[in-house]
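Q: The structure is given below, and queries will be raised subsequently.
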């Protein structure tokens, strides 16, 4: 049996179950309830059959995103914009000050605030390999994770933001106006022999700050880490908001939520994951995001070296198009025996949102245990002294308790509007979800967990990371 050019140790950990093994283990009709999860142990994942090549996409360093200024308020505004929540005048003023410090000019700015710094997003097949792996690359303070995606024939490599909170694959292209480009790698439509326009199809995404991106649609070959889909809908940007123009490191976005929220009209298109699903060795992908270093997404297999203990599965509610689930409550502190306080809430697992955004009751209870914490109008959210030793936050997801280390909640310097200044105040990675339709378990949470997105059973799986990571 031949494997790709990995070390034998890593290859041995990439698992593909025999036909029906995982499905039998977590059969939907016998699956977890809202309060009791199904536990999948490593012993259930013994190798039966390797379903094809195992491919590891090399990590890529993004040197174009090095600015620390205003990371916290920008991440907060990004979440609001993504889900259509009005951005407060106070936060708009903060953003305008940040943009001014960054030297970013916003057309039409009148001095009442700008939202161009929000980074608001979101926004047939053959499989050359049944397994694939793609490295996620963090930008400073993990605000955005990018990964290599190949589009067209011959392949053109673009760096895209993988987003489990949206369902569009859209890119900067040769159709994007020159005035709206800023060094992004472009999808050259004419250079791809397999590109064909989807006649009559258009897309348009409007963000919470009133800006929008839009364009037309092509069908082309798309590959991620060796998994290839033909006739994948690729949305070509004929217009992009200035927030995307200013993000020079990213050439677009690849959505991994449900097909139902795809924005192509008149007929919504399938996501890359949905198109590839039937040909994957296992109908799932996993996210292993990390703090201040590259993580990875695996498609079609589970790597047992990336988690400890068992994977705890809970049913996902996909009716609204997201990887939505119910969380039961929380605990604050570093004790493993801390009692869970009941605060039931609906949440989504969203790699496209940087922060962890929870009900106000949880956020207030957490920061009540942080002596220097305060809700700051000046900075747009909760801040605290950078040298504060933050407690852990435990979130109860069914019968599984997910622990978010306090170190992850120290997100970024806050008092850094001047790029040459020093910081003593830090912005919290945990903020309130007030105004949002659900809590958002974004990257601050996801970096603490190994997460399985099971498309076959519409389930989410969570497991602790190895203590050495």
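Q: With 461, 435 as the choices, which residue is in contact with a helix residue (DSSP H, G or I) (Cβ under 9 Å, 6 or more places away or on another chain) and more than 17 Å from residue 291 (Cβ to Cβ)?
A: After ruling out the rest, the residue left standing is 435.
Q: Let me ask something else. Hey, residue 320 hits all of (1) modelled with pLDDT of 90 or more; (2) buried (at least 18 other Cβ atoms within 10 Å of the Cβ); (3) within 19 Å of the chain's Cα centre (by Cα); (4) part of a loop (DSSP other than H, G, I, E, B) but one; which does it fall short on?
A: Of everything listed in (1) modelled with pLDDT of 90 or more; (2) buried (at least 18 other Cβ atoms within 10 Å of the Cβ); (3) within 19 Å of the chain's Cα centre (by Cα); (4) part of a loop (DSSP other than H, G, I, E, B), residue 320 misses just condition (2).
Q: From the list 279, 262, which residue is out of contact with any helix residue (DSSP H, G or I) (no Cβ under 8 Å at 6 or more places or on another chain) and at pLDDT 95 or above?
A: 262
This table checks each residue for (1) surrounded by 20 or more Cβ atoms within 10 Å (Cβ to Cβ); (2) more than 19 Å from the chain's Cα centre (by Cα); (3) modelled with pLDDT of 95 or more.
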| residue | (1), (2), (3) |
| --- | --- |
| 416 | yes, yes, no |
| 425 | no, yes, no |
| 445 | yes, no, yes |
| 448 | yes, no, yes |
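Q: Sticking with this one: Is segment 266-283 home to any residue that is surrounded by fewer than 24 Cβ atoms within 10 Å (Cβ to Cβ) and assigned to a strand (DSSP E or B)?
A: no
Q: Moving on to the next point. Given the residues 360, 353, 394, 420, which is the only one that is touching a strand residue (DSSP E or B) at 6+ places or on another chain (Cβ under 9 Å) and at pLDDT below 95?
A: 353
Q: Further question on the same structure: Would you please name the residue that is modelled with the highest pLDDT, looking only at residues in segment 232-249 that are surrounded by fewer than 19 Cβ atoms within 10 Å (Cβ to Cβ) and not in a loop (DSSP other than H, G, I, E, B)?
A: So the residue we want is 238.
Q: Anything in segment 191-226 that is modelled with pLDDT of 85 or more and touching a helix residue (DSSP H, G or I) at 6+ places or on another chain (Cβ under 9 Å)? List them, or say none.
A: Across segment 191-226, the qualifying residues are 213, 222, 224.
Q: Could you look through segment 44-73, keep only residues that are over 21 Å from residue 183 (Cα atoms) and at pLDDT 50 or above, and pick out the one that is surrounded by the most Cβ atoms within 10 Å (Cβ to Cβ)?
A: The qualifying residue surrounded by the most Cβ atoms within 10 Å (Cβ to Cβ) is 72.
Q: Kindly provide the set of residues from segment 173-183 that are in a loop (DSSP other than H, G, I, E, B) and either in contact with a helix residue (DSSP H, G or I) (Cβ under 8 Å, 6 or more places away or on another chain) or at positive phi (or both), ordered by number.
A: Residues satisfying the conditions are 181, 182, 183.
Q: Considering (1) part of a loop (DSSP other than H, G, I, E, B); (2) in contact with a strand residue (DSSP E or B) (Cβ under 8 Å, 6 or more places away or on another chain); (3) farther than 20 Å from residue 79 by Cβ, say which one residue 342 fails and leave the rest.
A: (1)
The values are calculated or read from the model by the stated rules, or taken from the named source; none is laboratory data. Computed from a prediction, not measured in an experiment: that's the story for all the values here. Every residue, glycine among them, receives a Cβ derived from its backbone with ideal geometry; neighbour counts consider all protein chains shown.
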